[in-house]
Every structure is written in structure tokens, then in C-alpha cells.
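To start, the structure under review is shown below, and the notes come after it.
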Amino acid sequence: MNASPMTPDALPQPGVITMPVARSFVTVVISTLFLLVVCAIFAPSSVSWGALSGSLPFAAIIAIVGLGQLLVVQQGGFDLSLPGAVSLAVVVATHYPQQNDALLFQAVLLAIAFALTAGFLNGVLVSFFRLNAIIATIGTNALLYGAVFAVSGGVPSITTNLLADIAGGEILEIPNSIFFALAAMAFVSFMLKKTVIGRRFEAIGANPLAGRAAGLRVRIHRMMAYVYAQLLYCMAGVLIAGITREPTAFQGDSLLLPSVAVVVLGGTSLLGGRGYPISTVVSAFFLNQLSQFALTVGVPFSAQTIIQALALGFGIGVYSIRWTVNVRKSTGTKNVEENK
Amino acid sequence: MKYSSVAKGVAFSLAATVMAFGATNIARAEVPSWCGPKKATLALLDGYGGNSWRQVTTASGKQTVELCPNITKYEYADGQGDTQKSISDIKSMAAKGVDALVVFGDAGPAVLPAITSVFKAGKVIVPYRVNVGGKEGTNYSKFIGSSFVDDGESWGNWIKSILPKGGNLLFLSGPAGNSQGLDELKGMKNVLGPEYVFVNQAPFAVTNWDPALTQKVLTAEIAKNAKIDVIVSDFGPSLVGALPLFSKQGKSIPALATSDGNSLGCFWNENQATNPDFKLFTVATGNDNVRLAVQWAVALATKGVPPKDEVFKAPAFENSVTGQPKAVQCRKDLPGAIYLSSELPAEDQAKAVGK
């Protein structure tokens, strides 16, 4: 790699991020408020506290996997090993302890160990061997599903009472999973926006060549994105194991699309760069509420899927247009992208 | 000393041999009528083997095969939910020279061409439980269905007994448009009049039999409907995680008409005291459907006497109100993912599901 073709306008990229409120955040929040108003008018029961406390845990799960996917997308990648990773965390957290509370801690440690292994594998393949992220992570997903079958035989197992209390319980009538999601969001935001390592991470995502020219360790940061992501998937998997009493061995399958969707709806470019953790979490709430609204209104199952797909397409459309304008006007990222 | 111990050993082994022969004779005496004189090989083909219900079913099928000593070889293949793999499994088993195939055709009519080609090649092929279309004698040797309409009628009759004046019912089934759910609904409608209102969208609320989706769907339905008197579900155990939602919203869990599962029975035991409306009625979940299919396949392949039944009827299993035919069953010492209604002993099921 040659470090010479550094364009002067590539360097200020990290500085752009000092904007107080991201436009994507405003968009997402306004959309969510609009949805809540629509819900309150057409399906008031879907915004009752009972309904919310039942559906919010699933929003929390989507938020956490979305944060994981966000970190990978920021590095211009895609993590398709998410279903396997979440499913593996679920089966490790349920099958290893076999309803024995005393073994839960070890089970969670084991799940984390698997997550780290998968994360490093993904990261090394993508960052050091320069494999296409989609291909590398699909491969890893297959390996993870192999592990899922080895652990579970494809059979669901009942969760431990302790985990059900921790993940499925409530404090002040708020589901605990919400606190986990908020903690994950706060942590990711803080690390990304307020620490040196996070600023470097984001700068590399925006422009790896410039990052390299600036002496940043591009490969390590790119690799670590997959590791962080796996840890978040693992957290989501363990939470699912607690929220659903008898989770299946394939619980991660339905999360891949929403994970990408919330990243996109949150305003993060699929080409990498600046990430919006808070917008991503709000989008997760939005997407979940949208499906809950569709269920409550009682539209046919086919239409429910279409509504979600439309919302997704709409989100992608809105941000795609904004992204092009943004890049041309302010950052000049596009020039560098073209040089690649 | 040495001589006497050798003598003892010889005596023991003689005795053991005699007993073993005796046992074989007894076993021979117990060969069921569906097991004929001709020797044959048999394969059990699953479309999707990845859950405990299937594993218990597979173990039941294997146990049934073992009752017939003239089945010289038994094989199993799992399509893993992949239609292509299911089709190639069916064809390759036939190509390997297996005489009789018992097929769980999850993919429905998509596997019919493969089944037909195997049948045309002169093999015995018995699809069961999932309707694959086609005709007996043209596309396959015999189809052993399960009467889901009967299940619906059993539920309907029980609902009538606990709610004689009618009420609000919520019916949850698996993937959209699955024939099992439609048949069950037909059964219920045969029994229940218009005073019983289904509050879900027609024909049933879609859950894909996935506990997480079930939880979401139930959340929405509880919020939408102030009064749900009975929940009907064709896979009871997937409801277990979702039922506490009622308590969270300050309501009693309503009556439940469903299929059995150990986790569900135990859940009822733990929660019935605090939920006065929580009555439970289950039909057997139908693992033994495979036994009838295997018996037919073996009978046709070995020239035995086919069983009388051609359709598997799941018997009523638990009733928390009358205790007839059984009170609610729970085996806390065994995994939740086993089915106490199955003929396969609970301990063997526990082994089959891996723990």
C-alpha cells in the first residue's frame, strides 16, 4: 500500500462530526413520533403500556444487534454471520446450564468466548486476508450454525430461571432488556464519539486510505469492528434466551434483515464512515412499533411484511439522496472512494 | 478352586445362553402382525429434523421399526428444511436400494415428483402427516394423514363444556396458510356456533410456531382485545414464554386448548393457583403418527397385514377441569421439550432430545 495519494480534504473528515444534532437523528425521531401518533389514532391499544412492555424487549434485541451491525457497516463491511452468532449465544446460554442457575455464569462466559473466536475469524478474514466481507461472514455463519447444531442438536431447551429473571424481568415496570439496550447504546456512543480509539475507528471507516496515511492502524481497527459486533450479538442472544422461555435453536434468523434496516434507517451510510448509535436504537424502536402496529390493526400477514419492506425502502431512499448531496457538498469523500 | 470357578462360569454362560434363546423366542412370539415374512430395508426421511418434536418422532419411528426383525437395515435422513435436499434424499435412498421409504414431506407438493418417481420404480413409499397432494396407487403406496379436524373438534367440545354461552376465542397456528391450522379451524367450526367469536384475523394468527413471534403476536392481541376467554393453539409449548404477558398486564391467563408438552404441563402446575381462569385441555401432540406410517410401510414391504387405521387420530390427553382422560402431567426432572403423550417412554425421549 502506498501512503502518498493523500488528498488534503480527506484529513478534516473527523472534524465534521462535531455537529450537535445529527440530521438522521431528527429524521428518525420525527418519523417515530409520527408513527406513535398514527398508532394512538388508529390502534390505541398498541401504545398502551401493557403492549409496549410486551414488545419493547424485542425492540431492545433489534437495537443491540443493530449496534453490532452498525460498527461493521461503519468499516464498509457487512456482517452476515449475525444469525449464527445470535443463535449460538442462545443455545449456549440455554443448553449448557440445562436450567441450573449455578452454571449460568460459565455459560455466558462460554458464549462470549465463542463470540470472540467468531469475531476474530471474521476480522482476520476481512481485514488481513482482504476477503469480501459478505463472503467471509457467510462462511463464518455456516461454521457458527455448525456449532449451534453441535451444542443443541437443533433442539430448543428451557432457559434458566435466573436468566429469565435478569433478561425477562422488570424494574419499575420497565423490562430489563431496555436497560441493557440503553447501556449498550450509551457505551457504543461514548466509545465512538468521546474516546481516541473511537474517533480513530470512525475516521478509518470514513476513509481508510487517509487513516492509513495518518499512521492509524487500519487493519486492526477494521478487524476489531467484527469482534465488537460479535460481542453485541452475543449479548442479544443471551437476552433472547432469557426473554423467550424456550427459544428455538434458530432464533437469530429473523434478526439479520432488521439489523441492517435499523442501521440504514439510523442514517449510517452503507459505504462506511460516520455512525449514529442513538439514531440506530431509535430506529429499532420505530421498526418494532411499526410491526406491532401492523399486528394490532390486524392487517393480513402478507400485508404486514409488505408494510415493513416499504418502510425500509423509504428509509433507504431518503438517506441515499441525502448522502449524495452531503458528500459532494461537504466532505469530498467521494473523490477518495473513486480513487480506490 | 479353579475348576469350580470355571464350572460356575460355564454354568452361568449356559444359563445366560438358554435365557437369551428364550428371550428371542418370546420376542419372536411378539412379532406384530404388520411385520410380514419377507425381508426388507427401510428408510425414514424427515423434511426438517431440527426440533425436539421431530427427534422424539424419529426415535418413535426407529423403535417401531425395531419391532420387526425382518427389516434388515434402517436408515434416516434429514432434509434440514431444504426442499432440494429433501428431494435428493428421497431419490438417493431409493437409488441405494432401500425397499420402503417413510417420508415426512414438509415441503408439501414440492416433493411429490420425487415421491412419484420412487413409487414408479417399484418401491414402497409412505408419505405421512403433511399432505403432499397426489393419489394413492398413482403417486405413492399409501398416505397416512393425521386428522387435525378431529383435534379441532376435541377443542371445540371442550370449549363448549367450559363456556356454554359462547365467548371470545383466539386461535394461533403456525406459518400463514398451513393446512394443519385450516383443518383445525374447520373442526372447531363444526362444533362451535356463531356465539363463539374468533378475535384473531381469519383464519388464524400467524406465529410460525416460533416462541418469539408468538410472544409478539400475543402482546398485540392482548392489547387489542379486552376479553379473551380461550386461547387455542396447535403448539402449546411455544406459548409458555408468552402466557406470563397476561399477568404483566394485570389479567388472569385464560383457558387454553392446545397440544401437550412437558414444559406446558409444568407451567400450568406453577401458575394455576394465581390464575383462576387458567384451565388447560390438550390433545396428544401426535408423535405416534409416525408409528402408523412405519407400520404401513413395513406391512407393504414385508407382505404383512396392514394396520386397520389409515388416519392417525390424536387422542385427548389432559383436562385440568375433569381430569379425564388424564390430569395435567408434569415431569420436572426431565427436559421441557418432551411429550408425555407419546408412546415412547419419557426417559427415552429425554435421551432422544439430547440430555
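The values are calculated or read from the model by the stated rules, or taken from the named source; none is laboratory data. Bear in mind the structure is a predicted one, so any value in this text is a computation, not a measurement. Please note: Cβ atoms are built from the backbone with ideal geometry, for glycine as well, and neighbour counts cover all protein chains shown. Each accessible area value is taken on the protein alone, full model and side chains, heavy atoms only, with ligands, DNA and RNA left out. Shrake-Rupley method; radii C 1.70, N 1.55, O 1.52, S 1.80 Å.
For the range A:175-232, a residue qualifies if it is aliphatic (A, V, I, L, M) and surrounded by fewer than 16 Cβ atoms within 10 Å (Cβ to Cβ), and the qualifying residues are A:182, A:183, A:186, A:196, A:197, A:220. Against the condition modelled with pLDDT under 80, more than 23 Å from the chain's Cα centre (by Cα) and away from chain B (no Cβ under 14 Å), how does residue A:14 come out, does it pass? No, not satisfied.
Please specify each residue of the range B:135-152 satisfying the condition of being part of a helix (DSSP H, G or I) and open to solvent by 20 Å² or more (accessible area, probe 1.4 Å).
B:149, B:150
Listed by position, the strands (runs of 3 or more DSSP E) inside the range B:21-134 whose residues that are under 15 Å from the mean Cα position of the chain (by Cα) and buried (at least 17 other Cβ atoms within 10 Å of the Cβ) number at least 1 are B:40-46, B:100-103, B:124-127. With respect to the conditions (1) closer than 20 Å to residue B:316 by Cα; (2) more than 10 Å from chain A (Cβ to nearest Cβ); (3) under 24 Å from the mean Cα position of the chain (by Cα); (4) open to solvent by 10 Å² or more (accessible area, probe 1.4 Å), residue B:163 falls short on a single one, namely (3). Restricting attention to the range B:229-244, report how many residues are surrounded by 22 or more Cβ atoms within 10 Å (Cβ to Cβ) and farther than 22 Å from residue B:52 by Cα. So the answer is 2. Scanning the range B:316-347 for residues being closer than 22 Å to residue B:55 by Cβ and either in a loop (DSSP other than H, G, I, E, B) or open to solvent by 60 Å² or more (accessible area, probe 1.4 Å) (or both) gives a total of 18. Considered as a group, the residues in the range A:36-59 that are open to solvent by 10 Å² or more (accessible area, probe 1.4 Å) and at the interface with chain B (Cβ under 7 Å from one of its Cβ atoms) include one that is farthest from residue B:224 (Cα to Cα), and that residue is A:58.
From the list B:168, B:157, B:208, the one residue that fits, being touching a Phe, Trp or Tyr at 6+ places or on another chain (Cβ under 9 Å) and surrounded by fewer than 23 Cβ atoms within 10 Å (Cβ to Cβ), is B:168.
If you go through the range A:286-306 and keep only what is within 14 Å of chain B (Cβ to nearest Cβ), open to solvent by 10 Å² or more (accessible area, probe 1.4 Å) and in a helix (DSSP H, G or I), you end up with A:287, A:290, A:291, A:293, A:295, A:297, A:301, A:302, A:303, A:304, A:305, A:306.
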